[in-house]
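*Asks:* Quick one: structure below, then a few questions.
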Amino acid sequence: MARLFGTDGVRGLANGEILTASLAQNLATSAALVLTEELRVSTGSTTDGPRKPLAVVGNDSRVSGQFLQATVAGGLASAGCDVIDVGVLPTPGVAYLTAALQADLGVVISASHNPMPDNGIKFLQRGGHKLDDVLEDRIEAHLDEPWDRPTGASVGRISTHENPVETYAAHLISTLERRLDGLTVVVDCANGAAAAAGPLALDQAGAKVIAINDVNDGLSINDGVGSTHPEMLQKAVVEHGADVGFAWDGDADRCLAVDGEGNLVDGDQLIAILALGLHDAGRLPDDTVVVTVMSNLGFVKAMDAAGVHVKQTAVGDRYVLEEMRRGGYAIGGEQSGHIIMSEHATTGDGILTALHVLQRMTLTGRTLADLASVVTRLPQVLLNVKGVDKARCKTDHGLLDAVAAEEKALAGSGRILLRPSGTENLVRVMVEAPTHHEAEACAERLADVVRSRLAL
């Protein structure tokens, strides 16, 4: 069977063949057993004494999150965990409260930027960090195994947090060095988890906030809005004469921006702005930033010119975070807008990103367009070649020779990346070049080679 956990928890069609209430309960009980045991082993501490293991559970507002969150909370309580239900809250908010409340695990019911019918379950260990592959495999291995069920007073209790949104917003504001008075900001909340916390945090930090797509009806999340559909935000920023706009996704762990002219500012540019701010302040450890292999070559060149080293990882914010934790780095993320600021958060945090970009604007007196101009993005073309033997993507000599020839022709002015899909018989061909025409032509030539050499 295929691995149940993907790059960001277990995800699928809610109440479909895989992501059912039964699976949610089984995952919850298995995670409770594995993660509390992991805590005992790694710290030598015990939760067998006067208190039970503690779990924090939240969701991103989609309607299926109600039955999944109830089922997960029930599964955790049945395994002897006390549960604090924080309701609708961004993934980084759940991570923050998991750490702040010294909980033994956290659970987020969310499918991030996916369409409303999908949902997912992702687990956080003590401290609010996402799980590594080994822990996820242990949880999956224990599914449906018999276990000693607590009874009587040993079962867990379920309670609700009194003010999770306000507590999280206060934490976000506390990370700022100065207020944001004088800035007008449009925020697209994707009808998701940031609808309350995002506007509240920016408003209390001093900005004038215009919120769009800020309803939580359970049905409209990510529906043509948010970071995957920034067109409405671009229009709103221009119409309101705002200084800047920010678009979050359903669980607000990613952020894209729009400058005052309505131009999109992507994750690479936002990371560059924040990294250079830390660099200027002498707070960028080893003068290093961490991104994935998908970051634009223009970003790498901009960082090199500023004296900032770039470390690149496999695609996925979890791999960025793992590298950041290994090296003690302060900033990292993805072109898609997952940006991790390890001084203040354990996951990507879209609201935190917005606050600190705004702070950079106030500290420098520069517009977002001016700050973002440090990165000159190379045109990028991405083609998906389906129905091929992805396993030979890195070993087929004919394909490798074709890639080498195209790289020689680019002569350092562009970049080529071939990446096999993790779930399909598909190879992604990504090319960056000085012009869109060159990138597109190169990508098409390599896609043809992939089809002919790796055909099934």
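The values are calculated or read from the model by the stated rules, or taken from the named source; none is laboratory data. Bear in mind the structure is a predicted one, so any value in this text is a computation, not a measurement. Every residue, glycine as well, gets a Cβ built from its backbone with ideal geometry; the counts of neighbours run over all protein chains shown. Quick note on the areas: whole protein, heavy atoms, side chains included, nothing else; ligands and nucleic acids left out. Shrake-Rupley method; radii C 1.70, N 1.55, O 1.52, S 1.80 Å.
*Asks:* For Thr435, work out the one condition from (1) under 27 Å from Asp8 (Cβ atoms); (2) open to solvent by less than 80 Å² (accessible area, probe 1.4 Å) it doesn't fulfil.
*Replies:* (1)
*Asks:* Is there a residue being of a type outside the set (Phe, Trp, Tyr), within 25 Å of Thr98 (Cβ to Cβ) and either within 19 Å of the chain's Cα centre (by Cα) or surrounded by 23 or more Cβ atoms within 10 Å (Cβ to Cβ) (or both) anywhere in the stretch 151-162?
*Replies:* No; the residues of the stretch 151-162 include none that is of a type outside the set (Phe, Trp, Tyr), within 25 Å of Thr98 (Cβ to Cβ) and either within 19 Å of the chain's Cα centre (by Cα) or surrounded by 23 or more Cβ atoms within 10 Å (Cβ to Cβ) (or both).
*Asks:* Is there a residue in the stretch 49-57 that is within 23 Å of Met341 (Cα to Cα) and modelled with pLDDT of 95 or more?
*Replies:* Yes - at least one qualifying residue is present in the stretch 49-57.
*Asks:* All but one of (1) of a type in the set (D, E, K, R); (2) open to solvent by less than 10 Å² (accessible area, probe 1.4 Å); (3) under 30 Å from Ala443 (Cβ atoms) hold for Asp349, so report the exception by its number.
*Replies:* Only one criterion is unmet by Asp349, namely (3).
*Asks:* Kindly check whether there is at least one residue in the stretch 309-321 that is over 16 Å from Thr7 (Cβ atoms) and open to solvent by less than 10 Å² (accessible area, probe 1.4 Å).
*Replies:* For the stretch 309-321, residues over 16 Å from Thr7 (Cβ atoms) and open to solvent by less than 10 Å² (accessible area, probe 1.4 Å): absent.
Matching residues to (1) touching a strand residue (DSSP E or B) at 6+ places or on another chain (Cβ under 9 Å); (2) within 18 Å of Glu323 (Cβ to Cβ); (3) surrounded by fewer than 24 Cβ atoms within 10 Å (Cβ to Cβ):
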| residue | (1), (2), (3) |
| --- | --- |
| Gly245 | yes, no, no |
| Asp259 | yes, no, yes |
| Asp280 | no, no, yes |
| Phe299 | yes, yes, no |
| Ala306 | no, no, yes |
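*Asks:* Check Pro420 against each of (1) buried (at least 17 other Cβ atoms within 10 Å of the Cβ); (2) modelled with pLDDT of 95 or more; (3) touching a Lys or Arg at 6+ places or on another chain (Cβ under 7 Å) and name the one condition it does not meet.
*Replies:* Only one criterion in (1) buried (at least 17 other Cβ atoms within 10 Å of the Cβ); (2) modelled with pLDDT of 95 or more; (3) touching a Lys or Arg at 6+ places or on another chain (Cβ under 7 Å) is unmet by Pro420, namely (2).
*Asks:* Examine the stretch 186-206 for a residue that is touching a helix residue (DSSP H, G or I) at 6+ places or on another chain (Cβ under 6 Å), open to solvent by 20 Å² or more (accessible area, probe 1.4 Å), in a loop (DSSP other than H, G, I, E, B) and modelled with pLDDT of 95 or more, and state whether such a residue exists.
*Replies:* Checked the stretch 186-206: no residue is touching a helix residue (DSSP H, G or I) at 6+ places or on another chain (Cβ under 6 Å), open to solvent by 20 Å² or more (accessible area, probe 1.4 Å), in a loop (DSSP other than H, G, I, E, B) and modelled with pLDDT of 95 or more.
*Asks:* Could I ask something else about it? Return the residues of the stretch 4-32 that are over 14 Å from Ala73 (Cα atoms), at pLDDT 85 or above and open to solvent by 30 Å² or more (accessible area, probe 1.4 Å); say none if nothing qualifies.
*Replies:* Residues satisfying the conditions are Leu4, Gly6, Arg11, Leu13, Asn15, Glu17, Ile18, Thr20.
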